[in-house]
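The values are calculated or read from the model by the stated rules, or taken from the named source; none is laboratory data. Everything quoted here is computed from the prediction, not taken from an experiment. Every residue, glycine among them, receives a Cβ derived from its backbone with ideal geometry; neighbour counts consider all protein chains shown. Ligands, DNA and RNA are excluded from the accessible area calculation, which covers all protein heavy atoms including side chains. Shrake-Rupley method; radii C 1.70, N 1.55, O 1.52, S 1.80 Å.
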Amino acid sequence: MDSARTDLVNVLNAAASQNQQLTAEATATLKGYETSPGFYSLLQDVYLDKSLPAEVRQVAIIYLKNGIDKYWRRTAKNGIQPEEKARIRSRLLEGFDEPSRLLANQNAVSASRIARLDYPIDWPSLFSDLSGIIRSAAAASDSSSRLRLQRGLQVLHQVVKALCSLRLMKARQNLQQVTPELVRFVGEVYVHHAEDWVGMVGAGVEQADPALLESSMEISIFALKTLRRLVVHGYEFANRATEAKAFFQLSHSHLGRFMNVYSPAPSPYTVVIRKHILLFGKLFLDLSQHQPSSFMLLPDAVALLRTYWNTIESQAEAFNTTEKDEHREFLEKLCIQGMQLLKWCAKTLTNPAPAIKLREKDEKEEVQAAARVLKEEVFTPDMLTRSMEVLITKYLVLRPDDLQMWEDDGEEWMNEEEQDAWEYQLRPCAERLLLELMQHFRQLLTAPLLGVLQSLANPTDLNGLLLKDAVYNAFGLAASVLFDAVDFDAIITGQLVNEVQIQEPMYKIIRRRITILIGQWISVKVSKPVRVHVYTIFQHLLNPNDPINDFVVRYTAAQYLKACVDEWDFETDVFLPFMKDVLERTIALMGEAEQIESRMKILQVIDVIIDRVELRVAPYAQRIAELLPPLWEQSGDQHLFKSSILVTLTKLVNAMRENSVGFYPMVLPLIQYSCDPTQDAHVYLLEDALELWSAVLQMAPSSTPELLSLMPSAIQCLGIGSEILRRVLQIVESYCLLDLDGVVSQYAVPLFTALAALLGGLKPETSQAIGYVAETIFQGAPVQGYAEALAQTGFVSKLILGVLDDKEQTIVLTHYLSMLSRIAMQDANLLLQYIELVSQQNHAVPRPVITAVIDQWVLKFDNVGHPKHRKLIAMGLTATLRTNNADVFGRLGSLMSVWFDVLSEIKESDGDALVYWQNDDAAYDYADVDTPESKRRRELLKADAVHTVELKEYVRKTMAQVEAENGGSEAFKQRWLVQVDSALLDQMSTVL
């Protein structure tokens with residue numbers, strides 16, 4: 001063992017070295033040790049040996065932690081043995097005198113991961129052992145005991161955190177059983193040490209023992225983190241537990257005390273005080289989200305909400321500066337927590353029990369009681385009115401740092417504004433809170449908001465402009481609430497149209513807000529006649545020649561123009577008079593944007609316009625197309641932006657239809673580059689490139705050498721993976737429809753080689769897509785052009801063997817039989833040759849092979865559901881008779897059974913129907929009925945023998961030909977028909 005330990009230490013030492021070669025060799029060696037018995041207990045030995053270098057111990061504990069994830073579960077392959085697990089568990093709670101926080105944390109995480117898997121079955125004493133260590137350490141006051149207490153709480157926090165993440169009911173109940181005792185004794189530890197450091201800070205930091213102060217703060221932090229999770233996840237109803245209620249009251253009290261002793265003056269202890277205050281906020285937020293009713297019924301809940309609201313109101317002016325420091329960031333986080341807390345409480349009223357099952361009467365009563373408390377004591381009319389006023393006038397206004405960023409880097413500021421990060425940003429969080437209040441208290445808050453809106457004049461100073469912007473912001477946020485109380489059409493025509501024309505430099509603030517406001521209201525309540533005014537406003541605000549329209553105004557206008565175009569009541573004819581200016585100005589805006597994110601958003605606006613106006617974009621198509629190649633080159637390795645360019649090209653091709661041929665010199669090289677597996681970018685671009693490629697083929701009026709030259713890339717893509725396989729097969733089929741002669745003459749062998757490689761274990765939709773490709777070739781091209789390729793590549797052999805083996809899904813086998821039927825209809829003797837080839841190459845197949853194939857053919861016929869395919873398979877079986885093969889004649893009775901079934905289905909009073917189904921299953925979801933490809937598909941359908949030939953006549957002619965070639969009708973009857981059941985012959989006489 002000593003030798004093994006020494007070897008391991010040497011390897012770990014090499015793994016921790018700065019020499020990359022040594023590190024790589026050591027990592028490989030450690031990888032080989034992973035499944036060796038005793039390896040992980042040895043790692044623990046190394047970690048616990050404080051005489052070794054810290055970096056070696058760190059590598060050891062990290063490998064142990066990672067090994068727990070891979071090999072600790074009972075079901076893990078080469079898992080850790082139970083004896084070794086027991087040894088590791090027994091020593092996890094040792095070494096609590098570890099001075100290194102980093103190493104102690106790794107050990108704590110290791111313990112938590114084991115606890116998640118082993119508690120309580122394999123580690124029932126976990127909490128009693130941990131509690132004993134923590135109690136023992138807490139009883140002493142020397143420095144070593146305080147260190148053990150820190151480490152013990154650190155492990156307890158990680159263990160509780162891991163157990164709280166479990167979602168199974170039994171796991172939650174296990175945690176709930178130990179929670180009350182844990183809350184009591186950890187709460188005692190927290191109170192003792194929190195009182196210690198608060199007293200020291202209150203008496204003056206300079207008089208305190210720094211080590212003692214730091215230790216008390218760290219202990220209280222770990223205790224508070226643990227208590228936070230226990231109170232939220234360790235109780236089903238926290239308001240019913242005495243210790244939880246006591247701790248909640250204490251939390252509110254301590255929140256106030258900590259805020260009183262907090263000083264913005266920078267010091268190491270200021271940071272820890274902030275952490276305590278924000279941890280309380282996390283506790284209250286988690287409770288309000290996970291146990292909303294319990295939260296409101298806890299003692300001091302109402303007072304707590306008032307504390308947070310008072311903080312929000314009193315600190316509003318602290319953010320009116322361009323200077324940002326740690327104190328301001330702390331206040332922002334504190335106010336955001338308060339706003340979120342109020343938001344979740346308001347949401348509880350809107351949706352009092354989301355997805356909750358009230359299991360008992362008390363629970364229902366608690367939900368009702370919590371709602372009453374919120375309505376009667378928290379969200380009073382005075383509080384709601386005041387909160388709306390404060391949020392709009394203090395928090396929704398643009399601040400000096402916003403205006404500074406607008407001037408310094410408006411593009412960056414706009415992109416930050418568009419991010420959905422309301423849980424971390426002050427103004428967006430205030431917007432969410434205001435919206436939540438408006439939605440639930442609309443009757444109370446609608447009149448005050450409208451009163452403020454109507455009282456707004458045209459301000460001349462900056463503060464007035466900022467207030468108006470904030471009011472418009474609130475008005476836009478509440479569009480879905482105010483729609484029936486406001487005539488927004490009148491506001492557009494009588495107010496907004498005039499305001500966008502005011503030529504004052506700072507009125508750009510209002511111009512930007514107006515575009516957002518219209519974008520928020522356009523789908524809510526803007527009548528069709530007023531759309532002209534809307535487009536006029538956007539046309540004006542996109543004008544770069546107006547000096548008030550800086551980049552931010554025009555960029556915002558472009559963003560919200562998208563909302564005005566991409567909505568239900570959009571009418572192309574109304575928009576057309578504005579399209580020239582709008583498109584040209586949006587395209588010009590692209591040249592001013594510097595960030596990839598901005599360019600992507602502008603491209604999305606152009607995409608939406610192309611989508612909505614379709615062919616009418618033609619006059620501007622070339623201008624849009626010319627914009628894209630330089631953007632592609634400038635994007636470098638920004639693959640997401642390149643994908644956006646491919647999407648725009650796809651929309652452009654779909655809009656231009658047959659006229660998209662002019663884009664080939666630009667589009668085809670991009671497709672080839674994006675689909676080239678040797679290019680790193682293809683991983684990111686392939687899917688969008690395939691969509692573009694598919695659109696180009698569908699819209700192509702005819703084939704071109706350049707377009708056909710991409711066929712090898714399509715064949716190569718067939719081997720890339722299953723996620724894109726169906727789309728690639730659709731592209732190959734599009735090529736076959738577009739230029740079948742070119743595909744067969746140049747690419748038959750590589751194509752069928754790739755298709756053959758796909759056969760076997762297919763999903764039904766994939767085998768169906770392969771069938772569409774193959775049947776298109778078999779139906780439209782002379783058999784001589786691909787006969788040799790079918791044999792050479794093994795494609796047809798795989799079909800035949802798949803039918804004989806009968807291991808594929810039944811629906812897949814019916815697709816195979818459809819392809820064989822097409823070959824038989826083209827040249828039945830050729831199919832017979834293929835079957836004979838399979839017989840020669842595979843001695844294990846049943847003999848005679850043709851009989852076995854026909855038996856499977858007939859057997860699977862009943863599994864074919866679509867009438868078209870039933871007729872196709874019947875015609876394919878019929879065609880095999882033309883081979884004059886005795887083994888085929890021997891199955892004449894089986895063939896007649898198929899004939900009778902199909903002919904009975906299609907028989908009509910005045911004859912047989914050529915086509916007796918309503919909907920063709922080849923009507924693809926990706927092929928528009930008006931595309932050039934859909935026309936090619938219809939032409940192929942019209943030429944299909946399954947559609948043009950009556951089955952009755954086909955059978956009659958085939959039988960007449962067979963009888964003539966085999967001694968005449970009487971001789972054939974005496975030789976073969978006598979073997980058929982007479983009743984079946986009688987039935988056939990009724991349908992033939």
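Worth pointing out:
- Using distinct alpha-carbon pairs, which all enter the 1/r mean, Kirkwood radius of region 1-85 in Å: 13.0
- Rounded to the nearest whole Hz, the Karplus-based 3J(HN,Hα) values (6.51 cos²θ - 1.76 cosθ + 1.60, θ = phi - 60°) of region 125-130 follow the sequence 8, 3, 6, 5, 5, 5, with x at glycine and proline.
- Zone of T678's modelled label, taken as backbone nitrogen in region 716-747 under 18 Å from a point 7 Å along Cα→Cβ: 716-720
- What region 541-691 shows is 41 Å² of accessible area per residue, with the surface traced by a 1.4 Å probe over protein heavy atoms.
- Highest mean packing comes first when the peptides 646-654, 712-720 are listed by Cβ atoms within 10 Å, giving 646-654, 712-720.
- Over 23 Å apart at the Cα level, from the set K275/K324; K245/K282; K807/K860; K31/K70; K580/K642, are K580/K642.
- Taking all pairs of distinct alpha-carbon atoms in region 145-245, Kirkwood radius in angstrom: 14.4
- Mean Cβ neighbour count within 10 Å, used as a protection proxy, ranking 16-29, 441-454 highest first: 441-454, 16-29
- For I811, net neighbour charge (Lys/Arg +1, Asp/Glu -1) across residues whose Cβ lies under 11 Å away: 0
- Between the Cα long axis of helix 551-565 and the first principal axis of the chain there is an angle of about 50°, rounded to the nearest 10.
- Kirkwood radius and radius of gyration were both taken over the C-alpha atoms of region 237-385, and their ratio Rg/Rh is 1.01.
- For region 470-531, the fraction of C-alpha pairs farther apart than 14 angstrom is 55 percent.
- Cα pair distances of region 572-694 binned at 5 Å [whole percent]: 2, 11, 23, 24, 20, 13, 5, 2, 1, 0
- Contour minus Cα-Cα distance for L985 and D97 (0.36 nm per residue): 310.1 nm
- Applying 0.36 nm per residue to the separation of D118 and V574 and subtracting their alpha-carbon distance, the gain on full extension is 157.4 nm.
- Binned Cα-Cα distance frequencies in region 657-746 - 10 Å width, integer %: 17, 55, 27, 1
- Over region 222-325, the ratio between the Cα radius of gyration and 2.2 N^0.38 Å evaluates to 1.16.
- Summing Lys and Arg as +1 and Asp and Glu as -1 over all other residues whose Cβ lies under 15 Å from the Cβ of R74 gives a net charge of +2.
- Computed per residue of the chain from DSSP H runs no shorter than four, each worth -39500 (n - 2.57), the mean residue ellipticity at 222 nm is -23000 deg cm²/dmol.
- Accessible surface of E594 - all protein chains present, 1.4 Å probe, nearest 10 Å²: 150
- Rg ratio (alpha-carbon, reference 2.2 N^0.38 Å) - region 344-466: 1.36
- The fraction of Cα-Cα pairs per 5 angstrom bin, counted from 0 for region 603-760, comes to 1, 9, 19, 21, 20, 15, 9, 4, 1, 0 percent, rounded to whole percents.
- Surface accessible to a 1.4 Å probe, E423 within the full protein complex, Å²: 80
- Cα gyration tensor, region 395-509 - rounded (a/c under 1.5), prolate or oblate: oblate
- Carbon plus sulfur fraction of accessible area for the chain, probe 1.4 Å, in percent: 50
- Magnitude of the charge dipole, the chain, Cβ model with Lys/Arg +1 and Asp/Glu -1, debye to 20: 2540
- Enclosing the Cα atoms of the chain in their convex hull gives a volume equal to 259 cubic angstrom per residue.
- With contacts taken as Cα pairs under 8 Å at a separation of at least 6 residues, the chain carries a relative contact order of 5 percent.
- Greater than 30 Å apart at Cα, pairs in K65/K225; K333/K525; K798/K973; K394/K528: K333/K525; K798/K973; K394/K528
- Principal-axis tilt of helix 664-674 within the chain, Cα atoms, nearest 10 degrees: 70
- Long-range tail of P(r) for region 92-217 (Cα pairs > 20 Å, %): 47
- Under 15 Å from the Cα of K868 - aspartates and glutamates, other chains or at least 8 residues apart: E775, D901, E905, D912, D920, D921, D944, E950
- Candidates per GluC sites (Glu not before Pro) in region 308-343, loop by DSSP, up to 15 other Cβ within 10 Å: E323
- Loop-located GluC sites (Glu not before Pro) in region 708-812 whose Cβ has at most 11 other Cβ within 10 Å (DSSP): E723
- Separation of the Q501 and S51 label points, Cα + 7 Å toward Cβ, nm: 9.1
- Charge context of A54, other residues only, Cβ under 12 angstrom, K/R +1, D/E -1: 0
- Two-site FRET efficiency, K935 against Q833, from Cβ-Cβ distance with R₀ of 60 Å, rounded to 0.05: 0.95
- Between helix 426-440 and the chain there is an angle of about 80 degrees, using the helix long axis and the longest principal axis of the Cα atoms.
- Accessible area in square angstrom per residue, region 58-167, 1.4 angstrom probe: 44
- For the pair region 949-992 / region 547-607, the C-alpha centres are spaced 72 Å from each other.
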